[in-house]
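A short reminder: the numbers here are calculations on the coordinates, not readings from a lab. If you're wondering where the values come from, they're calculated on a predicted model, not measured in any experiment. When we count neighbours, we look across all protein chains shown, and the Cβ atoms used for this are built from the backbone with ideal geometry, even at glycine.
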Amino acid sequence: MRRYFARKLLTYFLTFFVAVTLDWGIPRLMPGDPIAGLLSKFQLQPSSYAVLHSSYTRAFNLGEPLWRQYLDFWRALLHGSLGTSIYAYPDPVTTVIRHAVVFTLALLLPATVLSYLAGNKVGAIAARRKLLDDTVLPFSYVLTATPYQWLALLLAFVLASVAHVFPISGGFSYSLVPTLSWAFLWSLLTHWFLPFVTLFLVGFGGWAIGMRNLIIYELDADYAHFLESLGAPRRLVRKYAYKNARLPQLTGLALSLGTIVGGAVVTEIVFNYPGIGWLVLQAINSEDFFLLQGIFLFIIVGVLLANFVVDVVYVLVDPRTRIGLQEGTR
Amino acid sequence: MSKDTTTTKDDTAAPTEEGNTAPRHELVYFALRNRKLVIGLSIVGLLGLAAIVAPFSARSNPDAFVGPPMQPPSSSYLLGTTYFGQDVYSQLVNGLRQSFLVGIMGGGIAFVVATAVGFTAGYRGGAVDEVLNMLTNVLLVIPTLALLIIVGGYLKGTSIVFEAMFVGATAWPWAARAIRAQTLSLVSRDFVGLARLSGVRSWRIVVGEVAPNMSSYLFLTFILLFGNAILISASYDFLGFGPPGGVSLGSMMNLAFAWNALQLHIWWWFVPPGVAIMGIVGGLYVTNVGLDEVFNPKLRSL
């Protein structure tokens, strides 16, 4: 088990290192002069342009040799600084992200966990049950092939714009001051609901299909046939099949974390939900590159942590990893 | 429902008589009998056809202003017009084309990288495997869309070739890992050992002995990469990074959202592109499962 975790942690540290390097390198590798782009918005005399250009170059440390810039980037990062946001000037990027991340987590955590649990349950029940399978399976295929942003648009249109059941945009009603009152909490909840349902439904489809297929596969395994021939009740056989089918599904969860985060980004944009995804759009619109770089690192760290959680759960669920029979796999 | 059950029963009864004699016919037989495969392929095929004939069936250049704005679907504007008075139908068929192109190119590039990495890692083993495996696992964790926001933030209005390359460069890790695992299990077989002993060159063993034994698996992997590429590029365009103008399915949704189609109830602007993407991707998934059942006799019995 120690080797299992050592290997995982090594991968994660390496990933973090690569991510920070990409985060630093990509803006510098991009064609064009970022400062020229910044200054092109102002109409300047050539003489003042030269002065501003050199002063900005100094301010952003772009005159230094590359290796210096790289080390400085790490040093600032390790001190918890990601620069100053242009969009929310003069707030530091970390503050801006911290305000948004609460909303994203409130959306992502329940949507991911609940869709995973519900999808697995329904998929397991549907397997080898003709009538249920014929209804759940096509439905799940439709859901899993749906682009997040489109389901979000559809729900926003039908339930918010036409039926007025739910609010169409924002994280809470702008007529309310954030306080710990029932009215405010209710407002939070109604604004949260549709983005949550979007993320839940798309995720649900994939998990249901995966579990259904795995159960069918497991029920055909030797141990299942053996149990049946011993006269074990169907319930018991299915229970063992479910226990085994959980493992590949957990691996699948770790693999799809990136897709889920991507789905949250576009869903938040549709509902103007003030999380990280919505912040991405604001940063793009105001060309706030520091904020974009900060969000990238934040997402990476979040995904790494989530991966680690899945690893821990995997060890809890699969006894083989605990005694080291299955090291390095997964 | 009851009709379905009888047909599936026929499926399982018939092949036992004629199945063993002609394996190729058997595959075709099962392919035509497989409901999922037929349904999936027909959806993808129809949409593909619409994409191919797009230049002839579209009534106008997708960006041209052809009529009054915000017209609901009618006989003169099949799917209505946009906020600006562009023909939604023309945009849709044109967008389908772009989606298929990105899917084939992006999925293709990802497939080539995945097979190269997967085969090399699985066949070579040792230090090469360790390095490639680590690289795969690292890239696997970095979310594509997150990478996109730092790349896309700097590039405005990219081409679909760039989009396909980006998707190809980022979507391969899971496939490489799956192919590596399959290769590992094949490499330990006797026929590969025999080929090695008789001095056949490595790449010839991979191409001639290993790959054909997992050809169906490779094909299924490509189908999934194809579908994923379309979904990723739809998000990409929805964020506004796509080619300028309303020429792709993702940017149609982006423009509809940006110009308040929700509040103005112009549903015919954003519903068709989503249905089209769902059709292609869902069709591909169902095709994938159907093919799996055709290739793998174990799954047929259902």
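At-a-glance table
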| read-out | value |
| --- | --- |
| Helices (runs of 4 or more DSSP H) wholly inside the range B:232-302 that include at least 1 residues being closer than 27 Å to B:PHE222 by Cα and within 20 Å of the chain's Cα centre (by Cα) | B:249-258, B:267-295 |
| Flag if B:ARG97 is charged (D, E, K, R), closer than 23 Å to B:ILE160 by Cβ and either surrounded by fewer than 24 Cβ atoms within 10 Å (Cβ to Cβ) or in contact with a helix residue (DSSP H, G or I) (Cβ under 9 Å, 6 or more places away or on another chain) (or both) | yes |
| Residue satisfying all of: in the range B:256-269; surrounded by fewer than 24 Cβ atoms within 10 Å (Cβ to Cβ) and within 19 Å of B:PHE65 (Cβ to Cβ); farthest from the other protein chains (Cβ to nearest Cβ) among these | B:TRP259 |
| Residues located in the range A:144-197, provided they are surrounded by fewer than 19 Cβ atoms within 10 Å (Cβ to Cβ), in a loop (DSSP other than H, G, I, E, B) and aliphatic (A, V, I, L, M) | A:ALA163, A:VAL165, A:ILE168, A:LEU176, A:VAL177, A:LEU180 |
| Test: B:ALA211 is assigned to a helix (DSSP H, G or I) and over 30 Å from A:VAL270 (Cβ atoms) | yes |
| Pair list, Cβ under 8 Å, 6 or more apart: the range A:296-314 residue at the interface with chain B (Cβ under 10 Å from one of its Cβ atoms), other residue of a type in the set (S, T, N, Q) | A:ILE300/A:THR15; A:LEU304/A:THR15 |
| Exclusive hit being on the phi < 0 side of the Ramachandran plot and touching a helix residue (DSSP H, G or I) at 6+ places or on another chain (Cβ under 7 Å), set A:VAL142, A:VAL113 | A:VAL142 |
| Which listed residue, of B:VAL192, B:VAL138, B:VAL131, is of a type in the set (Val, Ile, Thr), crowded, with 18+ Cβ neighbours inside 10 Å, within 14 Å of another protein chain (Cβ to nearest Cβ) and over 30 Å from B:PRO272 (Cα atoms) | B:VAL138 |
| The one condition in (1) within 23 Å of B:TRP203 (Cα to Cα); (2) among the β-branched types (Val, Ile, Thr); (3) without any contact (Cβ under 8 Å) to a residue 60 or more places away in the chain that B:THR115 fails to fulfil | (3) |
| Tally, over the range A:126-143, of residues that are basic (Lys, Arg) and in a helix (DSSP H, G or I) | 1 |
| Those residues of the range A:122-138 which are hydrophobic (A, V, I, L, M, F, W, C) and either in contact with a Gly (Cβ under 8 Å, 6 or more places away or on another chain) or within 10 Å of A:ARG212 (Cα to Cα) (or both), in sequence order | A:VAL122, A:ALA124, A:ILE125, A:ALA126, A:ALA127, A:VAL136, A:LEU137 |
| Odd one out for A:PHE200, checked against (1) in a helix (DSSP H, G or I); (2) at positive phi | (2) |
